[in-house]
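Right, one structure below, let's go through it.
The values are calculated or read from the model by the stated rules, or taken from the named source; none is laboratory data. As the structure is a computational prediction, the values presented were derived from the model and not from experiment. Reconstructed Cβ throughout: ideal geometry from the backbone, glycine too, with neighbour counts over all protein chains shown. Surface accessibility is based on the protein's heavy atoms, side chains included, excluding ligands, DNA and RNA. Shrake-Rupley method; radii C 1.70, N 1.55, O 1.52, S 1.80 Å.
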Amino acid sequence: MTKKQNIRNLSLEELQATFMEMGEKKFRAQQVFEWLWQKDACSFEEMSNIGKGFRTRLEESFFIDKIALDDQQISADKTIKCAFTTHDVKQVMEGVLIPTSSRMTACISSQVGCSLACTFCATGRLKLLKNLSAGEIVDQVVYLNNLAQKHYNIPLSNIVYMGMGEPLLNYKSMLRSIEIITSPKGLGMSPKRITVSTAGIAKMIKKLGDDEVKFNLALSLHAANDEKRNKIMEINESNNLQTLADALKYFHEKTESRITFEYIIFKDFNDGIEDAAELAQFCKHVPCKINIIEYNPIDDGEFQQADPEKVDRFAKFLEDRNLIVNVRRSRGKDIDAACGQLANKNKAILKEERVLK
């Protein structure tokens, strides 16, 4: 028996070629593509403008890898965290809807778990179980957009690939998902409303430049000297700051995009003026802006939040050097939905553990 193919892994052009090989008209591909991406079809049976005979053939040859909502939590600050399960072995990933006065942001995952083991991040303590497909990534956006309109009557304004996983280690699916999200034949969102965050994989940052991507790039920096960064981010040992600086300069030359540096600020670790001076020096490599992010403690208490006064002094030091600085206050902490807290701490993980056993 021929193994079914994931139909959402095919581009429109690939669908056209495949359908013509099946003896179908080329325009059928456009119809199916619209059902998959614009009408959010969960099954071939829903595709009502396609003959029953061809729907049966599609069912025999393909599957649709729709994710399902398994759990949902709403924070006191109106942040919504969703646990989604994959269609196959029911592995769990999380996505977060973050409403503010100025924007409606979907924070989405690119992997189930993560392989990078950053010491301050709850997700990094999970094993990497799966690279999500492009469809599974897009599904999170569609679901969170529907939630935004249902609860707040506002569509998504921004998408950040800052959930579970390292997007550049799932490069093909990440890029394909953004193609669908930004395509007029898909979700039609501007690439400038999308930010992909990386822990820092130099060769893949250069590949982004070669591919001349139009979306925004953020680097999770968190320390601007190698000794400190090595302590909290294992990836820095093979992608040190000079290597990253070279890759970022290459990316900027190719795309002319400004980089965002994400800097989680930890008490008595990277919150001093000397740390701010090192960060200011690193910022000279490329046009950039800096997001200083409040730390969200995880279970073992190894790190703590920096004192607000020190955060303010840190930010002022950078601003005095004409750098663009935003201090980000965390949202969704009461439901473990804030930055660095996504670790499937909900009822869905119990189901996943039973499956894996």
Item to check | Residue check, ALA117 of a type in the set (A, V, I, L, M, F, W, C) and in a strand (DSSP E or B) | outcome: no
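For PHE33, are the conditions met, namely being open to solvent by 10 Å² or more (accessible area, probe 1.4 Å), under 15 Å from ALA134 (Cα atoms) and touching a residue at least 24 places away in the same chain (Cβ under 8 Å)? Lay out the reasoning, then the answer.
Details: open to solvent by 10 Å² or more (accessible area, probe 1.4 Å): yes; under 15 Å from ALA134 (Cα atoms): yes; touching a residue at least 24 places away in the same chain (Cβ under 8 Å): yes.
When the stated conditions are applied, PHE33 passes them.
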Picking from ASN146, ASN153, the residue that is without any contact (Cβ under 8 Å) to a residue 24 or more places away in the chain, open to solvent by 60 Å² or more (accessible area, probe 1.4 Å) and at positive phi would be ASN153
Among residues of the range 54-67 being in a helix (DSSP H, G or I) and not hydrophobic (A, V, I, L, M, F, W, C), the residue most open to solvent (accessible area, probe 1.4 Å) is GLU60
In the range 292-311, residues that are within 20 Å of THR195 (Cβ to Cβ) and at pLDDT 95 or above total 1
Within the range 13-53, residues hydroxyl-bearing (Ser, Thr, Tyr), part of a loop (DSSP other than H, G, I, E, B) and within 23 Å of GLU179 (Cα to Cα) come out as SER43
Selection from the range 240-275 of residues over 16 Å from ALA223 (Cβ atoms), part of a loop (DSSP other than H, G, I, E, B) and not basic (Lys, Arg) yields GLU256, SER257
Only unsatisfied item for LYS289, checking (1) more than 24 Å from ASN240 (Cβ to Cβ); (2) at pLDDT 95 or above; (3) of a type outside the set (A, V, I, L, M), is (1)
Reported set for the range 95-138 where residues are open to solvent by less than 10 Å² (accessible area, probe 1.4 Å) and more than 20 Å from ILE293 (Cα to Cα) is SER110, GLN111, VAL112, GLY113, LEU132, ALA134, GLY135, GLU136, ILE137, VAL138
### Query
SER173: buried (at least 21 other Cβ atoms within 10 Å of the Cβ), of a type in the set (S, T, N, Q) and at pLDDT 95 or above, yes or no?
no
Here the residues within the range 138-184 that are touching a Leu at 6+ places or on another chain (Cβ under 7 Å) and not aliphatic (A, V, I, L, M) are TYR143, ASN145, GLY163, GLU166, ASN170, SER173
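Taking PHE314 as the residue in question, decide whether it is modelled with pLDDT under 95, open to solvent by less than 70 Å² (accessible area, probe 1.4 Å) and not charged (D, E, K, R). If you could, list the steps in order and put the result at the bottom.
Details: modelled with pLDDT under 95: no; open to solvent by less than 70 Å² (accessible area, probe 1.4 Å): yes; not charged (D, E, K, R): yes.
When the stated conditions are applied, PHE314 does not pass them.
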Here the qualifying pairs (Cβ atoms under 9 Å; residues six or more apart or on different chains; first in the range 167-179 and assigned to a helix (DSSP H, G or I); second aromatic (Phe, Trp, Tyr) and crowded, with 19+ Cβ neighbours inside 10 Å) come out as PRO167/TYR161; MET174/TYR161; SER177/TYR161; ILE178/TYR161; ILE178/PHE215
Selection from the range 180-208 of residues assigned to a helix (DSSP H, G or I) and crowded, with 20+ Cβ neighbours inside 10 Å yields ILE180, ILE181, ALA202, ILE205, LEU208
